[in-house]
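The values are calculated or read from the model by the stated rules, or taken from the named source; none is laboratory data. Quick caveat: nothing in here was measured; it's all calculated off a predicted structure. Positions of Cβ are backbone-derived with ideal geometry, glycine not excepted, and every protein chain shown enters the neighbour counts. Remember, those area values only see protein heavy atoms, side chains included, never the ligands or the DNA or RNA. Shrake-Rupley method; radii C 1.70, N 1.55, O 1.52, S 1.80 Å.
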Amino acid sequence: MREIAPGVAVVPTLVANAYLVGDHASWVLVDACTPGNERQIQRAAERRFGRGCKPRAIFLTHGHFDHAGSAGPLADAWGIKIHAHSSELPYLTGKAHYPPFDLSSPGFFTRIARFFPTGTVNLGPRLTALEPYQVLPGLPDWEMIETPGHTPGHVAFFRRSDAVLLAGDAVTTMNLDSFWDTVTRRKHVCRPPVPATSNWKNARRSVALLASLRPSTIAAGHGLPMRGAADELSRLAENFLSPELEN
Ligand SMILES: [Zn+2]
Ligand SMILES: [Zn+2]
């Protein structure tokens, strides 16, 4: 666990990152990593906010199992709600399923994606829908930015006062298409994870929207958070290549 901006700490796990946002008077968890990470996330929260601490809510950037996996047990332990975009709720309540991963795409993530379930967790009545322009409970200084493409109801969270961006999988800060970049965690602003992205046209539009925000810090679901990468994000938006165009 490490502070990456005032009031924002990353909790890195083997596959994905979670974020603790706020101070000990009021904080939230953004994303919840793969199943089985609840103890690690709780311990990180206790180190940061003290024993017995409890967030106001859990926010999910999207419902993939590497972001929503530990959300259910954490929401139960803390007695709180889980917020996700209304378009993402069918996938988190067993009513819809994400398309199968595209295993013909290159890269390290594709290799490990073989072992990922395309189904995700069923969070049932713990869920509450996030609607555009609403004030976020426990996150009053932040805006939800709709960034569909990777999944239909994908969102990012943005704090305009200092331009900190929690990007989910709308972009990553490591090249998941490269085995060595993944192993060494070399920082690089990249398109969403290839095998699990369902709509590349929307994904491209979402990257352009995020680039227009000129974030000072990009904290994504995969990779180490990056500062001063707004130009690199703009270059990604300008030269965005979807896998269809590469083949
Ligand atoms: Zn994802
Ligand atoms: Zn992910």
Q. GNM on the chain, C-alpha springs below 10 Å: top fluctuator among 222, 97, 67?
A. 97
**Q.** Built amide H within the under 5 Å cut-off of residue 85, gap 5+
**A.** 130
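Mind ranking 4-16, 156-168 by how tightly packed they are, going by the mean number of other C-beta atoms within 10 angstrom, highest first? Walk me through the numbers before you get to the answer.
On the way: 4-16: 18.5, 156-168: 21.7.
Ranked from most to least packed, the peptides come out as 156-168, 4-16.
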Q. Out of 150, 55, 218, whose Cα points farthest toward the positive end of the dipole of the chain (charges: +1 Lys, Arg; -1 Asp, Glu; placed on Cβ)?
A. 55
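Rolling a 1.4 Å sphere over the protein heavy atoms, what is the accessible area per residue of the chain, to the nearest Å²? Kindly include the intermediate steps, with their values, before the conclusion.
Values: 10580 Å² over 247 residues.
Heavy-atom SASA per residue in the chain reads 43 Å².
Run the accessible area of the chain with a 1.4 Å probe and give the carbon-and-sulfur part as a rounded percent.
Here carbon and sulfur together make up 53 percent of the probe-accessible area.
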Q.
Which residue fluctuates most in the GNM of the chain (Cα springs below 10 Å): 143, 88, 46?
A. 46
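Please state the charge dipole magnitude for the chain, taken about the Cα centre, from unit charges on C-beta atoms (+1 on K and R, -1 on D and E), reported in debye and rounded to the nearest 20.
Working: 25 positive and 22 negative charges, 102 e Å.
Dipole of the chain, to the nearest 20 debye: 480 debye.
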Q | Reach of residue 81 by Cα under 17 Å, taken over aspartates and glutamates that are not fewer than 8 positions away in the same chain | A | 31, 38, 131
Q | Among 151, 184, 173: highest mean-square fluctuation, GNM of the chain, C-alpha pairs under 10 Å | A | 184
Q) In whole Å, what is the distance between the alpha-carbon centres of the stretch 163-220 and the stretch 1-57? A) 21 Å
